[in-house]
1. Which of the aspartates and glutamates could a cross-linker span from Lys81 if the Cα-Cα distance has to be under 15 Å and same-chain partners fewer than 8 positions apart are dropped?
2. Considering only protein heavy atoms, what per residue accessible area in square angstrom results for the chain with a 1.4 angstrom probe?
3. Once the Cβ-Cβ distance between Val99 and Phe62 is put in as r, and R0 is 30 Å, what FRET efficiency do you end up with, to the nearest 0.05?
4. Per residue of the chain, what 222 nm ellipticity follows from adding -39500 (n - 2.57) for every DSSP H run with n ≥ 4, rounded to the nearest 500?
5. Using only Cα atoms and rounding to the nearest 10 degrees, what angle (0 to 90) does helix 75-100 make with the longest principal axis of the chain?
6. Using protein chains only and a probe of 1.4 angstrom, how many square angstrom of Phe47 are accessible, to the nearest 10?
7. Mind checking the angle between helix 35-60 and the chain's longest principal axis? C-alpha axes, 0 to 90 degrees, to the nearest 10.
8. Compare Met92, Met1, Met111 by solvent-accessible area with a 1.4 Å probe and give them largest first, with all protein chains kept in place.
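The values are calculated or read from the model by the stated rules, or taken from the named source; none is laboratory data. This is a predicted model, so every value here is computed, not measured. For neighbour counting, all protein chains shown are included, and Cβ atoms are generated from backbone atoms with ideal geometry for every residue, glycine included. Accessible surface is based on the protein model in full, side chains and every heavy atom, while ligands, DNA and RNA are left aside. Shrake-Rupley method; radii C 1.70, N 1.55, O 1.52, S 1.80 Å.
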Amino acid sequence: MIKETHLRTTVKAGVYRITTVTLAIFLTMIFGATLEQALRFGAVAFFIGIATFYCYDRVWLFFGWDRNDEGKDTRLRSGVKAVCYRLLIFLMTVALSRVTFTDSNLTAFMMAFSQFFTNILVFFTLERIWNVVRWGKVFPATE
């Protein structure tokens, strides 16, 4: 089974978080937050999200389903990983929206819903890019 170094997972998490938090700040403002509220939302989302992404990505390393001997995931595996992750983050986004900038459940759900679709595209795209990067992959020794 192909493994990944902790540094690779950390870099993947950082790239993902920077991209999605930037998008989240813009989306938050579209849904009525002030710049200060949007930046606060982004900061909290960044730190909570990076820990969540790191743990989530490490858990997936235990499952070899739809991953070949070179450590490359199929499109299906990348898609399933993306959807499952976004469902988890959807719930976290609703809660964070309510805490940081809105008193409306409807606004919080609309914010989370829009982020769900935007970020699933980002997650899938980054998974496909990392799929071809060999750096940080640990291949089993062949005899």
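1. Asp57, Asp66, Asp73, Glu127
2. Details: 7870 Å² over 143 residues.
For the chain, the per-residue accessible area is 55 Å².
3. Calculated transfer efficiency: 0.40.
4. Per the formula, -26000 deg cm²/dmol.
5. So the helix axis and the longest Cα principal axis differ by about 30 degrees.
6. Accessible area of Phe47: about 140 Å².
7. It works out to around 30 degrees.
8. Details: Met92 65, Met1 120, Met111 0 Å².
Heavy-atom accessible area, descending, gives Met1, Met92, Met111.
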